[in-house]
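Participant: Take this structure first; my questions come after.
The values are calculated or read from the model by the stated rules, or taken from the named source; none is laboratory data. Computed from a predicted structure; not experimentally measured. As a convention, Cβ positions derive from the backbone with ideal geometry for all residues, glycine included, and neighbour counts pool all protein chains shown.
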Amino acid sequence: MTKTVFALSLAGTTLIATTAFAMEIDPAVDTDGDGLYSFPELTEAYAEMNEELFVAIDANADGAIDAEEMVAAQDAALLPVTDG
Ligand SMILES: [Ca+2]
Ligand SMILES: [Ca+2]
């Protein structure tokens, strides 16, 4: 029990620490370099990406994910935080 609580709190700390540096669009994911993540780019980068998840992340519903939406998605644990 104690071990589980420790692991969870450790994961939470890592998430907060990493998102502070996750404001930039990752060129490894943004393969067409337009400064936004499209659905195909995200399906390449995240195995768990699907249409429903994409819509949930695309807060302004413009069909692309910007850096701000990406950070919000990671903060909401919709997506794992990658260390770019
Ligand atoms: Ca792009
Ligand atoms: Ca958007």
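Participant: Which residues, taken from segment 13-43, are at pLDDT below 95, assigned to a helix (DSSP H, G or I) and within 15 Å of the chain's Cα centre (by Cα)?
Facilitator: Matches in segment 13-43: Thr14, Leu15, Ile16, Ala17, Thr18, Thr19.
Participant: Just give me the residues in segment 46-84 being among the charged types (D, E, K, R), more than 8 Å from ligand 2 (Cβ to nearest atom) and either under 20 Å from Gly35 (Cβ atoms) or in contact with a strand residue (DSSP E or B) (Cβ under 6 Å, 6 or more places away or on another chain) (or both), in sequence order. Spell out how you get there, then give the answer.
Facilitator: Kept after step one, since they are among the charged types (D, E, K, R), are these residues of segment 46-84: 48, 51-52, 58, 62, 66, 68-69, 75, 83.
Restricting the remaining residues to those that are more than 8 Å from ligand 2 (Cβ to nearest atom) gives 48, 51-52, 68, 75, 83.
The one that is among the charged types (D, E, K, R), more than 8 Å from ligand 2 (Cβ to nearest atom) and either under 20 Å from Gly35 (Cβ atoms) or in contact with a strand residue (DSSP E or B) (Cβ under 6 Å, 6 or more places away or on another chain) (or both): Glu68.
Participant: Let me ask you something else. Restricting to segment 50-84, give me the number of residues that are in contact (Cβ under 8 Å) with a residue 12 or more places away in the chain, in a loop (DSSP other than H, G, I, E, B) and of a type outside the set (Ser, Thr, Tyr).
Facilitator: So the count comes out to 11.
Participant: Let me ask something else about it. When you scan segment 46-55, how many residues do you find that are surrounded by 14 or more Cβ atoms within 10 Å (Cβ to Cβ) and either of a type in the set (Asp, Glu) or modelled with pLDDT of 95 or more (or both)? Quick ask: steps written out before the conclusion?
Facilitator: Of segment 46-55, the ones surrounded by 14 or more Cβ atoms within 10 Å (Cβ to Cβ) are 46, 49, 53-54.
Subset that is either of a type in the set (Asp, Glu) or modelled with pLDDT of 95 or more (or both): 49, 53-54.
Number of matching residues: 3.
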